[in-house]
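Notes to accompany the following structure.
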Amino acid sequence: MQSDWLATAGTLSKALPYLQRYDGATVVIKLGGHAMGSSENMVTFARDIVLMQQVGVNPVIVHGGGPMINRMLSRLDIKSEFLNGKRVTDEATMRVVEMVLSGEVNKSIVQAINAQGGQAVGLSGKDANLITCEQEDPKLGLVGTPRDIDPKILNHLFEADMIPVIAPIGSGDNGETFNINGDTVAGHIAAALNADRLLLLTDVSGVTGNDGEILTELTPKDVQDLTASGIIEGGMIPKTETALNAINGGVRAVVILDGRAPNACLLELYTDHGAGTLIRASV
């Protein structure tokens, strides 16, 4: 038993430089639908977020919820169509998307964080004009691309020691409600806040090379070369594109990591080893 406590004390001592490094930093975390697939994962994630805030980080959560949306659409017998991997969103589908993301999913994350002693506040991009969108493609219907981000409400929440939890929904100039890709929202929010880190929690361990091993550190040029050669492919392409856009927008670094792994955020921020693939302008 004593050896366990000594090991814990040693771990905390080694974390000191990282605690100092991130004191006052803003970290945006994208929580994907699969990463929050179990109640146990949510408890661990929420505890980690509260701990991060306790040691001086300003955490911002942006979440997805594709699996939950799919279940609700199926229950309501609303069929989905996809174009180039994106959901065609008509008005009926948009109502379900907003109900699930701003309601069920958002509030479950808020409740999980509050249960661990934090003070989380649920928002969508429609609140306080946080995200103003333009239509991405008329063929996709009510799918939006962020045009303007007004982070004023987020800064007020930081000052009040509250944790923003953001559903990826935005407003149009004519009062439309738009469904937005969660990774895209996270990247734009991180850039608007000049975040120190953007953590993209997904269901893979990071970007892999030809040999299947995780590539721990990449530059934007590395990402471009790996994409051109076909090593980065499929669903990893939009994530790395989000990373490059965020870095171009002023985010210091982006990490793609497995959100299902216990304490993934803490391992990335507060250990020598880190987790997943770190992408930054210079390594």
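The values are calculated or read from the model by the stated rules, or taken from the named source; none is laboratory data. All values derive from a computational prediction rather than experimental measurement. Every residue, glycine as well, gets a Cβ built from its backbone with ideal geometry; the counts of neighbours run over all protein chains shown.
Checking each residue in the stretch 79-88 for being under 20 Å from Thr177 (Cα atoms) and either free of Cβ contacts under 8 Å to residues at least 60 places away in the same chain or assigned to a helix (DSSP H, G or I) (or both) picks out Lys79, Ser80, Glu81, Phe82, Leu83, Val88.
Answer yes or no: is there a residue in the stretch 249-258 that is among the small types (Gly, Ala, Ser) and either free of Cβ contacts under 8 Å to residues at least 60 places away in the same chain or in contact with a Lys or Arg (Cβ under 8 Å, 6 or more places away or on another chain) (or both). Yes: one or more hits. From the list Arg252, Arg197, the one residue that fits, being out of contact with any helix residue (DSSP H, G or I) (no Cβ under 8 Å at 6 or more places or on another chain), within 28 Å of Met42 (Cβ to Cβ) and either surrounded by fewer than 17 Cβ atoms within 10 Å (Cβ to Cβ) or at pLDDT 90 or above (or both), is Arg252.
Filter the stretch 128-151 down to the residues that are aliphatic (A, V, I, L, M) and part of a strand (DSSP E or B), then identify the one that is surrounded by the most Cβ atoms within 10 Å (Cβ to Cβ). Among those residues, the one meeting the criterion is Ile131. When Arg260 is tested against (1) basic (Lys, Arg); (2) modelled with pLDDT under 85; (3) buried (at least 22 other Cβ atoms within 10 Å of the Cβ), only condition (3) is not met. One residue stands out in the stretch 220-246 among those that are over 20 Å from the mean Cα position of the chain (by Cα) and of a type in the set (Ser, Thr, Tyr): the one that is surrounded by the fewest Cβ atoms within 10 Å (Cβ to Cβ), namely Ser229. Among the residues of the stretch 152-161, those that are surrounded by fewer than 17 Cβ atoms within 10 Å (Cβ to Cβ) and not charged (D, E, K, R) comprise Ile153, Asn155, His156, Ala160. Residues that are touching a Gly at 6+ places or on another chain (Cβ under 6 Å), closer than 23 Å to Pro67 by Cβ and not hydroxyl-bearing (Ser, Thr, Tyr) within the stretch 191-247 comprise Leu201, Gly206, listed in sequence order.
Among the residues making up the stretch 53-78, those that are in a helix (DSSP H, G or I) and polar (S, T, N, Q) are Gln53, Gln54, Asn70, Ser74.
In the set Thr216, Thr271, only one residue is out of contact with any helix residue (DSSP H, G or I) (no Cβ under 9 Å at 6 or more places or on another chain), of a type outside the set (A, V, I, L, M, F, W, C) and over 24 Å from Gly85 (Cβ atoms); that residue is Thr216. Residue under question is Gly118, and the condition is that it be at negative phi, under 18 Å from the mean Cα position of the chain (by Cα) and surrounded by 21 or more Cβ atoms within 10 Å (Cβ to Cβ); does it hold? Spelling it out, it is not the case that Gly118 is at negative phi, under 18 Å from the mean Cα position of the chain (by Cα) and surrounded by 21 or more Cβ atoms within 10 Å (Cβ to Cβ). Scanning the stretch 89-127 for residues that are acidic (Asp, Glu), out of contact with any strand residue (DSSP E or B) (no Cβ under 7 Å at 6 or more places or on another chain) and either under 17 Å from Arg75 (Cβ atoms) or part of a loop (DSSP other than H, G, I, E, B) (or both) yields one hit, Glu104.
Starting from residues that are among the small types (Gly, Ala, Ser) and within 18 Å of Ile29 (Cα to Cα), keep the ones in the stretch 200-234 and report whichever is modelled with the lowest pLDDT. Filtering first and then ranking leaves Ser205.
Taking each residue of the stretch 105-134 that is over 16 Å from Gly182 (Cα atoms) and looking for partners that are among the basic types (Lys, Arg) and surrounded by 18 or more Cβ atoms within 10 Å (Cβ to Cβ) with beta-carbon atoms closer than 7 Å, six or more apart or interchain, yields Gln116/Arg47.
Might you check whether a residue that is at pLDDT 95 or above, touching a Phe, Trp or Tyr at 6+ places or on another chain (Cβ under 6 Å) and either part of a loop (DSSP other than H, G, I, E, B) or not aliphatic (A, V, I, L, M) (or both) occurs anywhere in the stretch 24-47? Among the residues of the stretch 24-47, not one is at pLDDT 95 or above, touching a Phe, Trp or Tyr at 6+ places or on another chain (Cβ under 6 Å) and either part of a loop (DSSP other than H, G, I, E, B) or not aliphatic (A, V, I, L, M) (or both), which makes the answer no.
For the stretch 63-113, which positions are among the hydroxyl-bearing types (Ser, Thr, Tyr) and under 16 Å from the mean Cα position of the chain (by Cα)? Matches in the stretch 63-113: Ser102, Ser108.
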